[in-house]
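What follows is a single structure, written as structure tokens, with notes after it.
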Amino acid sequence: MKYDNNYRGLSTTEAAILTAKFGLNKLREKKGKDPLELFLEQFSSVLILILILAASVSFFLGEVIDSIAIIAIVFLNAVLGFVQEYRAEKSLDALRKIISPTAKVVRDGRETVIPAADIVPGDLVIIEAGDKVPSDGIIVESFSLHADESSLTGESLPVEKNVDLDKDESVPVPERVNRVFMGTAVTYGRAKFVVEKTGMGTEIGKIAEVIQEQKLSKTPLQKKLDVFGKEMAKVIFIIIAVVFVLGVNKGVDSFNMFLASVSLAVAAIPEGLPAVVTTSLALGVYRMSKKNAIVRKLPAVETLGATTVIVTDKTGTLTENQMTVKKIYTPSKFYEVSGSGYNVDGVFMVDGKEADVDEDLKMLLKAGVICNNSSFSIENGMPKVVGDPTEVSMLVAGAKAGLYKESLNEIYNRKYEVVFDSDRKRMSVVNSTKKDSIVCTKGAVDVMLKLCSNELVRGKEMKLSEGRKSEILKINESMASEALRIIAVAYKNYGEKNYDKDKIESGLVFLGLVGMIDPPRKEVKESIEICKKAGIKTVMITGDHKITAIAIANELNFPEGRVITGSELDGLSSEEFDKIVGDTYVYARMSPQHKTRIVKALQDMGEVVAMTGDGVNDAPALRLADIGVSMGITGTDVSKEASTMVLTDDNFATIVSAVKEGRGIYDNIRKFVFYLLSCNIGEVLTVFFAILLGSTIMKELPLPLVAVQILWMNLLTDGLPALALGMQPVEKDIMERKPRNMKEEIINRKTIYDIIFVGFLISIGTLYVFLGHLPDVAKAQSAAFTTIVFFQLFQAINSQSNKSVLKIIDANKHLAFAISISFLLQLVVLYVPAANSIFGTVPLTIDELIQTIAVSFLILPAVELRKIIFNRPVKDVDNL
């Protein structure tokens, strides 16, 4: 089928038929791990395999109950590990689905935004700078379109595209300048194209197997814990080897000693820590996605908690991003405009009285509607907008005067466009009528005045003198002081047939200034106060006038500090800027290139920087920042791809909420690690000290724990309580703490001292109870077994906070439930006859049970006392 620039796209019905025929516009995804494969991986550990082999040998030697019990507990441990990893995998899958791209298409004659997956052959798609091309297609309309096709061709420079409806597909991809390709990025200009191929039928689909997403790499935290776990495993292996040798030398049955040693190794070696951290990170990220913050890369969670500076755009992030034109200045009059938001009910007033729309105002509004790439309509009584809020506000203002884009487009046919970008700070279009052609331009006031030589006064073009330009700039400053965003509008008749950019944008006729308000978001002021308490500096960057920026900063209660403009920044050397960047809170009239310099300067000071951005030119700064934050609503595809986090609501408060959540996730991982390692060390030291005592002072001292008890204890420890700690609510004062030092390790010297301290307490208390019940070995082992389990349950309570747990004792209902279930399960092991024979236990009397509870309870006041004495900031911590 032949297409041209008169093609108006598909209807909804046609699209549905084509979807059924061609399917979704998706590349074939790499198949994830099968659940069975994931489950079997739980048995891949060498220690687990040795334990299963030993249990099998035990079975054939007649120890049927013991061997079955060991196999059953190993199986339950595998189920627990599988559930954790499966949940993490599903959480990551859910995140991938949330980050789904969209595309602007023409359906039923109207511009609309749809999921890119819903595009079908025949769709008319609109693309502009910053967009990722959603499918392969032929260009039917182009305004200076350039595309980065390096992902397909390897060509580093953007390719200029044009309309050539006769060129076929027989030429190589790099030479198909009349076509665009899925996955490539628009770097400049805008265009319309008709979709020819989707999904696996596209050029990129042909090589989809090669470009499939690679397996997620480990985060820095996972790598550190992996190394720590391996180092700790070496130490534990040495201790357990000594335990085994000493035990055999003192006469303990070698096979039973081997079984106990391997069980202890399985329980004590934290080889699953990195996997558990993955689960915590993935589930935490999934929770964040429910709060409008989509983290695209897991390492970002670790960095979030250490953020010291948030550098944010003003428009849409600090403000509502729902522009409303409130004031208009023409060379003959000053108008106030009533109404708010996207409601077209409103009038134009002069000196408080409703005024007619004269020729000057009508020309200004008409130019603002014509020089516009957004769309606005009312459907079912509700406004439907597509595009930039500034442009939409111009369309609404035009509608209040009866000037609608659809009607004007029938009269003024667009022939050429000089696209807007943040460096030029303006946009121009050339439109033709039956009689002549007209140029309409809008942009930043200071830039526009340099391009204007005349002004329209009461319907007549008059010379625009330098004095008048100075007067207009003062009017601009006055309007800006009211926190209005100001743009200038101009036009001229254009008789040239050659569309030269410089000719188009010279000798313009000034029409006036349009002042629009974008009110600050109500929740932002509170969020900035939270940042102050959290030791996080908030910096605002805007392209608006300096006076407008100051007005917004004052309204939001920004800290007092320097305010500098882009031109002032350009005049500063690196050394000069480094001296003032620390106390500069507002940057006005900035371009995206300035952002990179600001981020670099802050990072050179040692700051951890979160930077927001939404445009294609923001990508370098987003990549450079420690946390690149893109906008989900107004952000371009390129900015989203360059970022580490996407805000689905474009709200500054969401960044602050994400930092809080990031701090909480890291905090919970620290608590989880501390709990797990302190309990594991307690188990190892209990058996180790018992063997030492038996080899030196107390001959014939039996083991305080047998293999099946050690494995059961490990199941209870790594089970519900540990999982519940990962769900610990964020502590109330977490945003009153200073940011975490990025160099600080999760397991530092202080943490190791705490782990050893708790390990000693557990081992000494357990051995005290064990020795007190001898010579009845079964009773002593049962009491020791129960004591160490209760020690670990009380330690779970301790691990909830680095401060006194008395203040948060009821904060984690999941932990209370987990401890209750684990306590009851231990009672089952003690008092149910069938369990007695499996675990080698005997029932304890009430007094004996109370003793185990009382001794293990002592860990609470002991750790509380240590927190009081030692819980102070540790300077120059020697991280391990």
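Which of the peptides 370-377, 105-112, 297-304 is most tightly packed, and how do the rest follow, judged by the mean count of other Cβ atoms within 10 Å per residue?
Details: 370-377: 21.1, 105-112: 16.5, 297-304: 23.0.
So the order, starting with the most tightly packed, is 297-304, 370-377, 105-112.
Annotation: average projected area of the range 332-373 is 3.5 square nanometres, based on the convex hull of Cα atoms across all directions. How much FRET efficiency would the formula 1/(1 + (r/R0)^6) give for Leu771 and Asp604, where r is the Cβ-Cβ distance and R0 is 45 Å, rounded to 0.05? FRET efficiency, Leu771 to Asp604: 0.15.
The range 127-153 and the range 750-794 have Cα centres separated by 68 Å. Converting the Cα gyration tensor eigenvalues of the range 756-871 into ellipsoid dimensions via √(5λ) gives semi-axes, longest first, of 27, 17, 9 Å.
With every protein chain present, what is the per residue accessible area of the range 474-568 (1.4 Å probe, Å²)?
Working: 4040 Å² over 95 residues.
Per residue, the range 474-568 has an accessible area of 43 Å².
Once the Cβ-Cβ distance between Lys290 and His814 is put in as r, and R0 is 22 Å, what FRET efficiency do you end up with, to the nearest 0.05?
Details: r = 17 Å, r/R0 = 0.79.
Approximately 0.80, to the nearest 0.05.
Taking Cα atoms only, the orientation of helix 359-370 departs from the longest principal axis of the chain by about 40 degrees. These residues, Asp423, Asp360, Asp614, Asp754, go from largest to smallest accessible area, 1.4 Å probe, as Asp423, Asp614, Asp754, Asp360.
Solvent-accessible area of Lys291, all protein chains in place: 100 Å² (probe radius 1.4 Å, heavy atoms, ligands and nucleic acids excluded).
Rounded to the nearest Hz, the phi-derived 3J(HN,Hα) couplings of the range 299-307 under the Karplus curve 6.51 cos²θ - 1.76 cosθ + 1.60 (θ = phi - 60°) are x, 4, 4, 5, 6, 3, x, 9, 4, where x marks glycine and proline.
Between Asn249 and Leu24, the contour length at 0.36 nm per residue exceeds the alpha carbon distance by 74.0 nm.
For q = 0.11 Å⁻¹, what log10 I(q)/I(0) does the range 623-693 give under the Debye formula with an equal point scatterer on each alpha carbon and no solvent? Relative scattering, expressed as log10 I(q)/I(0), comes to -0.49.
Could you tell me what percent of the accessible area of the chain is made up of carbon and sulfur, with a 1.4 Å probe and every protein chain present?
On the way: 22250 of 38560 Å².
The value for the chain is 58 percent carbon and sulfur by accessible area.
Give me the 1.4 Å probe accessible area per residue for the range 630-787, excluding ligands and nucleic acids, in Å².
Working: 5130 Å² over 158 residues.
Roughly 32 Å² per residue, with all protein chains present.
Extending 7 Å from the Cα toward the beta-carbon at both Lys384 and Val227 defines two label points whose distance is 5.6 nm. Fully extending the segment from Thr102 to Ser432 would add 115.6 nm, taking 0.36 nm per residue of separation and subtracting the current Cα-Cα distance. For the range 430-499, the mean projected area of the C-alpha convex hull, equal to one quarter of the hull surface, is 5.8 nm².
When all protein chains stay in place and ligands, DNA and RNA are ignored, the 1.4 Å accessible-area order of Lys474, Lys326, Lys503, largest first, is Lys474, Lys503, Lys326. Peptide packing for 346-357, 314-325 was compared via the average number of neighbouring C-beta atoms within 10 Å per residue; ordered from the highest value, the list is 314-325, 346-357.
Ranking His545, His773 by solvent-accessible area of protein heavy atoms (1.4 Å probe, all protein chains present), from largest to smallest, gives His545, His773. Counting only DSSP H runs of at least 4 residues, each contributing -39500 (n - 2.57), and dividing by the residue count of the chain, the helix-based mean residue ellipticity at 222 nm comes to -15000 deg cm²/dmol.
For the range 672-680, 3J(HN,Hα) computed residue by residue from phi via the Karplus equation (6.51, -1.76, 1.60; θ = phi - 60°) reads 4, 4, 4, 4, 5, 6, 5, 5, 4 Hz, glycine and proline entered as x. Annotation: Asp313 carries an accessible surface of approximately 20 Å², with a 1.4 Å probe and no ligand, DNA or RNA atoms counted.
Measuring from a point 7 Å past the Cα of Lys533 along Cα-to-C-beta, which residues in the range 636-656 have an amide N at less than 17 Å? Backbone N within reach: 653-656.
Rounded to the nearest 10 degrees, the inclination of helix 389-400 to the longest alpha-carbon principal axis of the chain is 40 degrees.
The value of relative contact order for the chain, using C-alpha pairs under 8 Å at least six residues apart, is 12 percent.
Beyond 22 Å, what share of the Cα-Cα pairs of the range 357-480 is found? Please give it as a whole percent.
41 percent
Distance between the modelled labels on Arg737 and Glu575, one decimal in nanometres: 4.0 nm (7 Å Cα→Cβ projection). Around the amide H of Ser332, modelled in the peptide plane, lie the amide H atoms of Arg458, all under 5 Å away and 5 or more residues distant in sequence or on another chain. Expressed per residue, the C-alpha convex hull volume of the range 586-717 stands at 176 Å³. Label sites at Phe870 and Asn554, each approximated as a point 7 angstrom past Cα along Cα to Cβ, lie 5.3 nm apart.
When volume of the Cα convex hull per residue in Å³ is calculated for this entry, the matching label among (i) 201; (ii) 302; (iii) 272 is (i).
Backbone amide hydrogens, once placed in the peptide plane, bring Val159 within less than 5 Å of Ala147, Asp148, Glu149, excluding anything fewer than 5 places away on its chain. Proximity of backbone amide H atoms, modeled 1.01 Å from N, is registered between Thr584 and Arg562 at under 5 Å, excluding neighbours fewer than 5 places apart on the same chain. Sequentially through the range 239-245, phi angles give Karplus couplings (6.51, -1.76, 1.60; θ = phi - 60°) of 4, 5, 5, 5, 4, 4, 4 Hz, Gly and Pro residues having no value and appearing as x. Counting only cysteine Cβ atoms and a cutoff under 4.7 Å, the chain contains unmatched residues Cys452, Cys531, Cys679.
The values are calculated or read from the model by the stated rules, or taken from the named source; none is laboratory data. Since this is a predicted model, take the numbers as computed values, not measurements. Glycine also receives a Cβ, built like all others from the backbone with ideal geometry; neighbour counts cover every protein chain displayed. Only protein heavy atoms, including side chains, enter the accessible area calculation; ligands, DNA and RNA are left aside. Shrake-Rupley method; radii C 1.70, N 1.55, O 1.52, S 1.80 Å.
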